[in-house]
1. Where in region 73-172 are there helices (runs of 4 or more DSSP H), lying fully within it, with 3 or more residues that are farther than 23 Å from Gly204 by Cβ?
2. From (1) touching a helix residue (DSSP H, G or I) at 6+ places or on another chain (Cβ under 6 Å); (2) modelled with pLDDT under 90, pick out the condition that doesn't hold for Ser326.
3. Would region 40-60 turn up any residue that is open to solvent by 60 Å² or more (accessible area, probe 1.4 Å) and under 55 Å from the mean Cα position of the chain (by Cα)?
4. Scan region 329-347 for residues that are over 20 Å from Glu404 (Cβ atoms), among the aliphatic types (A, V, I, L, M) and either within 12 Å of the ligand (Cβ to nearest atom) or in a helix (DSSP H, G or I) (or both) and jot them down.
5. If I ask for residues that are touching a strand residue (DSSP E or B) at 6+ places or on another chain (Cβ under 9 Å) and at positive phi, which ones from region 380-415 would you list?
6. Has region 61-70 got at least one residue that is open to solvent by 50 Å² or more (accessible area, probe 1.4 Å), within 17 Å of Ser13 (Cα to Cα) and assigned to a helix (DSSP H, G or I)?
7. Does any residue of region 87-97 turn out to be surrounded by 12 or more Cβ atoms within 10 Å (Cβ to Cβ) and in contact with a Ser or Thr (Cβ under 6 Å, 6 or more places away or on another chain)?
Amino acid sequence: MKFSGIRLKILFSLLLTAGVSFFFCRRGVPGLFFSLGFALILGGILANGIVIPIRRITHIARLFAGGVFNRRILSPADDETGELAGTLNEMAHNIERRVNAGETGSRKLSAVLSSMVEGVLVLGHNADIVSLNPTAEQLFGISRKDAEGKIFLEAIRNNDIAEVINDVYKGAGLVSREISFMYPRRGTFEVNASPIYDNEIVSGCLVVVHDITEIRRLETVRSDFVANVSHELKTPLTSIRGFVETLLEGAIDDKKNNREFLRIIQAHAERLTVLVEDLLSLSHLESKGIELDKQPLALKPLIDGIITGFSAQSKKRNIDVRNGLSGDVVIHADRNKIEHVFTNVIDNAIKFNREKGSVLISSRENDTMIEISVEDFGIGIPEKDKPRIFERFYRVDKARSRAEGGTGLGLSIVKHIVELHGGTVALESAEGVGSRFTIKLPI
Ligand code: ADP
């Protein structure tokens with residue numbers, strides 16, 4: 001047995017009491033009273049020395065039980081109560097450290113979930129929503145407050161996702177499915193649902209919803225583009241082959257038609273050249289790391305030059321093309337590319353104009369931007385075609401565009417170049433009234 005702390009104090013008190021009692025008892029009955037009084041006082045002091053620290057320990061231990069871990073028990077006693085206080089302090093310190101680590105971890109986790117572009121839902125035992133991140137709130141048009149605690153299908157009426165979740169709870173493991181939905185947002189989504197296990201039993205489900213609408217759209221655009229290119233190349237090539245065969249089969253000696261056939265072949269070959277040039281321009285503009293050779297560029301003389309280049313076409317149809325730009329309009333841009341922009345837009349304004357029509361080029365500027373408008377009073381663009389007019393190969397009237405030597409790539413090239421310069425291009429048009437293309441460029 002180790003004699004330390006309280007035990008030593010009690011032993012020491014007992015010995016002292018016994019000694020004092022022996023001393024006083026030898027002096028008869030009054031001595032007995034003295035020794036009794038001494039024992040009581042010593043017992044009281046001894047009890048206080050034990051009870052007071054225990055009370056202090058109990059008070060602070062209650063705070064620990066209530067979750068307050070930043071308090072410590074002050075006990076200078078070098079006995080079992082001091083040891084108990086020290087152990088409780090150490091325990092509180094450890095719990096405090098773990099709680100802090102847990103809180104930091106959960107803050108980090110919630111920051112990660114909040115910044116995720118994927119919608120994340122955590123479901124509990126009965127497919128009830130335990131938590132969801134802001135992206136999931138947006139995707140499903142529901143607030144966290146309204147969703148948490150509800151069964152998935154009660155909160156989010158999407159049977160396809162509910163089916164995926166159901167499969168997970170039935171033990172299918174990780175389930176991935178591509179799902180399209182209309183409400184609250186139309187799109188295509190990849191849904192990945194994985195089980196959360198507790199002792200090898202599925203006790204929940206983690207659902208991650210990834211918006212792949214844009215990826216699917218780009219895939220369609222790419223495959224449409226390949227189909228369009230093939231079609232556009234095939235048409236002139238078929239004609240060229242047909243006329244060459246006709247000539248070879250004897251039409252070469254047909255003095256009346258042979259030149260006409262050769263002219264048709266030439267026109268188709270030229271069309272192929274323009275198409276390939278436009279395709280090369282587009283692929284160059286879309287390539288990463290494209291560099292612009294920006295220089296100060298006076299717009300009025302540039303547009304004068306383009307108008308002169310089109311004078312044969314405009315004269316043929318009696319179209320008046322007017323450059324209303326003032327001589328001091330200077331921008332900082334890539335000359336060749338900006339020339340390409342205005343060549344395409346002015347070409348269209350002449351091509352899709354009416355006999356004796358007119359084209360007006362004007363500008364407006366403020367401290368940072370310049371707006372150049374190319375306005376015609378021609379056939380205009382129908383309302384339904386306007387949103388798609390800058391798409392590659394999109395044409396209102398394919399036959400007319402082809403007859404005018406168009407490729408359907410011009411406006412898409414315009415948009416690319418303007419955006420590369422940090423600008424925008426806008427269209428206002430009414431069918432039968434005319435069109436205005438407004439190009440905004442930083443000065
Ligand atoms: P295209 O080579 O056919 O001119 P663009 O990409 O330049 O190709 O133009 C696409 C289509 O937009 C044209 O085919 C035409 O239908 C329509 N369009 C463009 N500019 C005009 C305009 N000023 N007026 C009427 N329609 C236009």
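The values are calculated or read from the model by the stated rules, or taken from the named source; none is laboratory data. Keep in mind that this is a model prediction, so the values were computed, not measured. Note: ideal-geometry Cβ built from the backbone for every residue, glycine included; neighbour counts use all protein chains shown. Just so you know, the surface numbers come from the protein's heavy atoms only, side chains and all, with ligands and any DNA or RNA stripped out. Shrake-Rupley method; radii C 1.70, N 1.55, O 1.52, S 1.80 Å.
1. Details: elements: 80-115, 134-140, 144-147, 152-155, 159-169.
In region 73-172, the matching helices (runs of 4 or more DSSP H) lie at 80-115.
2. (1) is the only condition that Ser326 fails.
3. yes
4. The answer is Ile338, and nothing else.
5. Correct list: Gly380 only.
6. The answer is no, given that none of the residues of region 61-70 is open to solvent by 50 Å² or more (accessible area, probe 1.4 Å), within 17 Å of Ser13 (Cα to Cα) and assigned to a helix (DSSP H, G or I).
7. no
Yes/no matrix, rows are residues, columns are (1) in the same structural domain as Arg222 (by TED's automatic domain parsing); (2) in contact with a Leu (Cβ under 9 Å, 6 or more places away or on another chain):
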position	(1), (2)
Leu275	yes, yes
Ser281	yes, yes
His284	yes, no
Ile306	no, no
Arg317	no, no
Val329	no, yes
Asn336	no, no
